[in-house]
Every structure is written in C-alpha cells, then in structure tokens.
Amino acid sequence: MPSHELPEDLARIVADVTDLPAEAITPGSCFQDLGEWSSLAALRLLTAVEEHFGIRLELRRYLDTETVGELSDMIAGSAEADR
C-alpha cells in the first residue's frame, strides 16, 4: 500500500469505530477526545487496523498511543518491518 493512502485509510477505520465523520479525524486527533472512546473501542480499532493493513501491533505499545498520527507512524513502521 502506498504510504500516502495510510492516513486516509486510517481515518476511515477510526471513523467507523467512533461513528464520527472521517473528515473529522486528523493526525493530531487524540483518541481520548473522540466521542465515546473506551477500552472496547480501542480493541475494536486494533482489530480493524490489523485486519485492514495485514499486520500485528504490539499491544502494550498500541495502548500507549495517544493520537491518530502516532498510530499511523506505528503502522508504517510495522509494515516496513514486515517487508
């Protein structure tokens, strides 16, 4: 997947999990500020991200991620490591 598609794909996935419009999701969006964010939403997002991008993320590191941009960087790093 081209790296320029990652932010857009991730915004759509986050929007699906949070029931917010994808246009409202930016790299600076903090997960705690996204509507009804909970541990269940975090796990739903983790599953959706791993399935969509075909990667496995380290759970502890994922849970320490605070923004959509940080998660995007983690996904990009994981995808590069898998190559």
Which numbered condition residue 79 fails, given (1) out of contact with any Gly (no Cβ under 9 Å at 6 or more places or on another chain); (2) surrounded by fewer than 16 Cβ atoms within 10 Å (Cβ to Cβ): (1)
Among the residues of the range 53-68, which ones are surrounded by 15 or more Cβ atoms within 10 Å (Cβ to Cβ), in contact with a Leu (Cβ under 9 Å, 6 or more places away or on another chain) and of a type outside the set (Ser, Thr, Tyr)? 53, 57, 68
Among the residues of the range 19-41, write down those that are modelled with pLDDT of 95 or more and in contact with a Phe, Trp or Tyr (Cβ under 7 Å, 6 or more places away or on another chain). 31
Filter the range 29-55 for residues that are assigned to a loop (DSSP other than H, G, I, E, B) and in contact with a helix residue (DSSP H, G or I) (Cβ under 6 Å, 6 or more places away or on another chain); which is farthest from residue 73 (Cα to Cα)? 35
Does residue 72 satisfy the condition of being among the small types (Gly, Ala, Ser), closer than 14 Å to residue 7 by Cα and surrounded by 15 or more Cβ atoms within 10 Å (Cβ to Cβ)? yes
Counted residues, the range 56-66 - those being part of a helix (DSSP H, G or I) and of a type in the set (A, V, I, L, M): 2
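The values are calculated or read from the model by the stated rules, or taken from the named source; none is laboratory data. Keep in mind it's a predicted model, so treat the numbers as computed, not measured. So basically every Cβ, Gly included, is an ideal-geometry build from the backbone, and we count neighbours across all protein chains shown.
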